[in-house]
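The block underneath contains the structure these notes are about, expressed in structure tokens.
No value in this document is a laboratory result; all are computed from the given coordinates. Keep in mind that what you see is a predicted model, and the values were worked out from it rather than measured. Note: ideal-geometry Cβ built from the backbone for every residue, glycine included; neighbour counts use all protein chains shown.
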Amino acid sequence: MKKYLYPIIILSLVGGVISALLLFRHYYPESGIKIVSCGHSLVDPCIALSATPYAVLFGVPIALFGLLWYLTTIFTVLITLHSGGRYPALSMIMIFPGATTALAADVVLAGILINTGLLCPLCIVTYVINTVIFILACFALRQLKRDDKFSLGSVARNLFSKDLAPDKKAFKAAYVSFLMVMCVALMSVSYGMHLDAENGGYSESEISAFVEEFKQMPDEQVEFPETGLVLGNPDAAVSVVVFSDFLCSACREFFMVEKHLLSILGRYKDRVKFVYFNFPLDAACNSDVEESIYENSCIASKAMIAASEMGILEPYIVRHFSYYDDMNGMYEPSDSMSILRQVATGKGSRAEKDFDNLMMSDTVRERIDAHVRLAVELGIEATPTVFIAGRRLEGVPPVELLERIILEEVNKEGA
């Protein structure tokens with residue numbers, strides 16, 4: 001039996017950690033946890049899925065049910081391992097129905113993932129774990145039957161019999177007590193996280209006041225030219241225009257907000273686009289800057305335009321900002337090519353040559369000059385500076401406020 005129980009407990013430990021992480025991400029989608037990545041695309045499928053109604057059942061996050069299942073399995077196996085092998089049949093009658101239920105639920109959830117197109121890698125890992133646990137439980141049951149130590153009817157009768165042996169009564173009492181305590185504890189933690197997540201943000205009145213204040217701001221009636229640096233659906237009715245320095249820490253923070261928004265906007269995400277203009281705070285290409293604040297940001301701007309021309313802007317900018325923390329403010333010209341190699345895998349030296357030629361071209365330089373001139377004409381002095389419906393926001397607005405503004409613009413457009 002041990003050859004089946006040890007793998008089950010290891011798999012349950014891994015599944016429990018993943019479920020706990022998913023539960024945390026459910027309540028704190030903007031958290032900086034980087035233990036496990038949920039994908040490297042612009043839209044994070046794990047966050048997007050957690051924002052859908054499919055992420056909860058009876059008001060309880062699905063991840064919480066998963067965590068309870070894994071902890072119960074761990075407890076069951078530990079009792080069996082430390083009881084001298086006296087309760088293998090009882091443990092299997094607990095684990096096997098749970099594994100069967102988990103597998104059936106996973107089939108439904110996998111169908112939802114396929115239907116929504118939100119293929120959350122962490123969720124898929126838990127489906128694999130549950131499948132393997134189910135298979136191991138089947139093998140364990142087969143061995144018990146072969147050793148004449150298991151009969152479903154007799155075990156069930158013994159389990160609910162009033163004439164249980166004292167040790168089995170203790171097993172039953174410990175098991176029921178554990179389930180009750182664990183359910184109460186996990187529900188309490190989940191509810192506490194829910195309250196903390198709500199209280200940690202802005203109240204409805206604060207959000208409404210901010211939106212009303214934003215609406216009162218003047219529409220600057222700016223006709224923005226084509227830029228080529230577009231994230232999201234290029235044909236979307238609502239545009240969020242961003243003047244950015246791609247080495248600016250605040251711009252990196254705005255990108256994370258943007259990525260989060262595109263993930264949680266659900267059915268609206270194809271109706272919003274983020275349009276970028278370069279305003280590098282680097283005197284090498286921006287004469288409006290007396291002293292470079294972010295050295296080599298002109299190189300980063302060229303790299304973004306080159307990536308856009310090659311049709312790989314989205315993966316390039318995602319990788320660029322993923323790599324941001326590792327740069328420690330020391331972005332070198334060679335970093336632009338290093339990021340390209342990570343994105344354009346399998347395309348060989350031809351992609352590198354095309355990328356380098358584009359970065360050195362007059363076309364890219366002239367486009368940056370045009371972006372800078374437009375920024376100067378608009379009186380932009382800081383990055384990021386954002387325009388929504390012609391109204392200006394400077395800095396990184398809280399995600400709740402930006403989400404409300406964007407949704408109001410989407411509804412206004414009749415999308």
**Asked** Using a Förster distance of 25 Å, how high is the FRET efficiency between residue 334 and residue 376, based on the Cβ-Cβ distance and rounded to 0.05?
**Response** 0.25
**Message:** Apply the Karplus curve 6.51 cos²θ - 1.76 cosθ + 1.60, θ = phi - 60°, to the phi angles in region 400-406 and return the couplings in whole Hz, x for Gly and Pro.
**Reply:** 4, 6, 5, 4, 5, 4, 5
**Item:** Exposure proxy order (Cβ contacts within 10 Å, fewest to most) of 363, 131
**Value:** 363, 131
**Added length on full extension, which subtracts the Cα-Cα distance from 0.36 nm per residue, residue 119 to residue 143** = 5.0 nm
**Request:** Starting from region 283-357, pick out the GluC sites (Glu not before Pro) whose DSSP state is loop and whose Cβ has at most 13 other Cβ atoms within 10 Å.
**Result:** 290, 291
**Complete:** The set of residues whose placed amide H lies less than 5 Å from the amide H of residue 56, leaving out same-chain residues fewer than 5 positions away, is 62
**Request:** Take the Cβ-Cβ distance between residue 216 and residue 10 as r, set R0 to 56 Å, and report the resulting FRET efficiency rounded to the nearest 0.05.
**Result:** 0.45
**Request:** Provide the FRET efficiency to the nearest 0.05 for the residue 366-residue 60 pair, computing r from the beta carbons and using R0 = 41 Å.
**Result:** 0.15
**Segment residue 350-residue 2, extension gain: residue separation times 0.36 nm, minus the distance between their alpha carbons** = 119.8 nm
**Request:** For the pairs 215/273; 215/412; 215/259; 259/302; 269/412, note any where the Cα-Cα span goes beyond 18 Å.
**Result:** 215/273; 215/259; 259/302
**Message:** Quick check: residue separation of residue 185 and residue 250 times 0.36 nm, minus the Cα distance between them. What number comes out in nm?
**Reply:** 19.5 nm
**Item:** Inter-label distance for residue 342 and residue 100, nm, one decimal - labels placed 7 Å from Cα along Cα-to-Cβ
**Value:** 4.7
**Prompt:** Between region 211-278 and region 121-137, what's the alpha-carbon centroid distance in Å?
**Reply:** 39
